[in-house]
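Down below is the structure, laid out as structure tokens.
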Amino acid sequence: MMPESRAKGFIVENVSKSFRGVHAVNGVSLHLRPGETVALVGPNGAGKSTLMQLMSGVDRIDAGAILVDGARADGLAPERIAALGVGRTFQTSRVFPALTIWDSVLIGRQLSLLRGEGRTLIDPLRESLSVLFGLPFWRRRVARQEAVAEATLKLFGDRLWPKREAQASSLSYANRRRLEIARAGG
Ligand SMILES: Nc1ncnc2c1ncn2[C@@H]1O[C@H](COP(=O)(O)OP(=O)(O)OP(=O)(O)O)[C@@H](O)[C@H]1O
Ligand SMILES: [Mg+2]
């Protein structure tokens, strides 16, 4: 069993990943603590994106372990890792072009919206009925997430907040990155 101080946060332990003989990630370890900002730097092909793919569950590790708040996360599907509170962005921005900036960030709040019930996966029927009947508990829960979305967009000053009704496709490259970060965080 791990000591409590080591259990919190995101731990990568001696993780390796090869693609047909190419050692993309070789025995990498790191520990991200809550609230910490860490940069991963390295030359082209060093394995940075591969490590992100492994940490978010898109690719499977060959060896080692990944832990989120002390629980094994390697082997989990990406949506299960997301439900643990792990958000990510992509090297080439992936926004939903036809959605507004506001709706894009609300999508990022979806798991938190549903997590309050002890549920970690999306339950479309329950959500649809709550919206249709305008249930007060649901409206309060949505308002809480809208407040987080607003605060998250405002982290970028006037880059995104005044444009929140515009489609994501209208944003500059830099603002698309900001939108992706806002969607992943908060
Ligand atoms: N899906 C894959 N199939 C085969 N090889 C891959 C795959 N993904 C990554 N690689 C190889 O793994 C190595 C690490 O690539 P990766 O994209 O992780 O590097 P990076 O550090 O993100 O580079 P960059 O700075 O260019 O983004 C490279 O040799 C790459 O060609
Ligand atoms: Mg990369």
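Arrange Asp69, Asp158, Asp74 by Cβ neighbour counts within 10 Å, fewest through most, would you?
Asp158, Asp69, Asp74
As a test of the formula, what do you get for the chain when each DSSP H run with n ≥ 4 contributes -39,500 (n - 2.57) and the sum is divided by the residue count, at 222 nm and rounded to the nearest 500 deg cm²/dmol?
One gets -11000 deg cm²/dmol as the mean residue ellipticity at 222 nm.
Simple spin-label model, 7 Å along Cα-to-Cβ: Arg60 to Thr92 in nm?
Roughly 2.7 nm, to one decimal.
What is the range 101-184 by shape, rounded, prolate or oblate, if you read a ≥ b ≥ c off the alpha carbon gyration tensor as root eigenvalues and call it rounded for a/c under 1.5, prolate for a/b larger than b/c, and oblate otherwise?
Prolate.
Sorted from fewest to most neighbouring beta carbons within 10 Å, what does the list Thr37, Thr100, Thr152 look like?
So the ranking, lowest neighbour count to highest, is Thr37, Thr100, Thr152.
For the range 43-59, in order, what is each residue's ³J(HN,Hα) by Karplus, 6.51 cos²θ - 1.76 cosθ + 1.60 with θ = phi - 60°, in whole Hz (x at glycine and Pro)?
After applying 6.51 cos²θ - 1.76 cosθ + 1.60, I find x, 3, x, 5, x, 5, 5, 4, 4, 5, 4, 6, 5, 9, x, 6, 10 Hz.
For the range 149-159, what does the Karplus curve 6.51 cos²θ - 1.76 cosθ + 1.60, with θ = phi - 60°, yield as ³J(HN,Hα) per residue in whole Hz, taken in order and with x for Gly and Pro?
Running phi through 6.51 cos²θ - 1.76 cosθ + 1.60 with θ = phi - 60° gives 4, 4, 4, 5, 5, 6, 4, 9, x, 9, 6 Hz.
Pick from Gly64, Gly35, Gly108: which residue has the top mean-square fluctuation in a GNM of the chain where Cα pairs under 10 Å get a spring?
Per the Cα network of the chain with a 10 Å cutoff, Gly35 tops the list.
Which ordering of Glu36, Glu180 is given by a fewest-first count of other beta-carbon atoms within 10 Å?
Listing Glu36, Glu180 from fewest to most nearby Cβ atoms yields Glu36, Glu180.
Rounded to the nearest 20 Debye, what is the dipole magnitude of the range 101-184 about its Cα centre when Lys and Arg each give +1 and Asp and Glu each give -1 at the C-beta?
Charge dipole, the range 101-184, about its Cα centre: 200 debye, nearest 20.
Suppose every Lys and Arg Cβ carries +1 and every Asp and Glu Cβ carries -1, with no other charges. What dipole size does the chain come out with about its Cα centre, to the nearest 20 debye?
260
What number comes out for the charge environment of Ile61, summing +1 per Lys or Arg and -1 per Asp or Glu over other residues with Cβ under 9 Å away?
Residues close to Ile61 contribute a combined charge of -1.
In whole angstrom, and with the biggest value first, how far do the Cα coordinates of the range 49-140 range along each principal axis?
Principal extents (largest minus smallest coordinate, Cα): 49, 31, 19 Å.
So for the chain, taking the charge dipole from beta-carbon charges (+1 Lys/Arg, -1 Asp/Glu), which of Pro43, Gln167, Val25 sits furthest toward the positive end?
Among Pro43, Gln167, Val25, the one farthest towards the positive end of the dipole of the chain is Gln167.
If one takes the longest principal axis of the Cα atoms in the chain, at what angle in degrees, from 0 to 90 and to the nearest 10, does the Cα axis of helix 173-184 lie?
Tilt relative to the chain: about 90 degrees.
Under a no-solvent Debye model with one identical scatterer per Cα of the chain, what's log10 I(q)/I(0) at q = 0.11 Å⁻¹?
So the normalised log intensities work out to -0.59.
One-quarter of the Cα convex hull surface for the range 4-76, in nm²?
4.9
Enumerate the calculated ³J(HN,Hα) couplings along the range 75-88 in order (Karplus 6.51 cos²θ - 1.76 cosθ + 1.60, θ = phi - 60°), each rounded to whole Hz, writing x wherever the residue is Gly or Pro.
In residue order, the calculated couplings are x, 7, 5, x, 5, 6, 5, 4, 5, 7, x, 9, x, 8 Hz.
Bear in mind that the values in this text are calculations on the coordinates, not laboratory data. Fair warning: this is a prediction, and the values are worked out from it, not measured in the lab. Cβ atoms come from the backbone with ideal geometry, glycine included; neighbour counts cover every protein chain shown.
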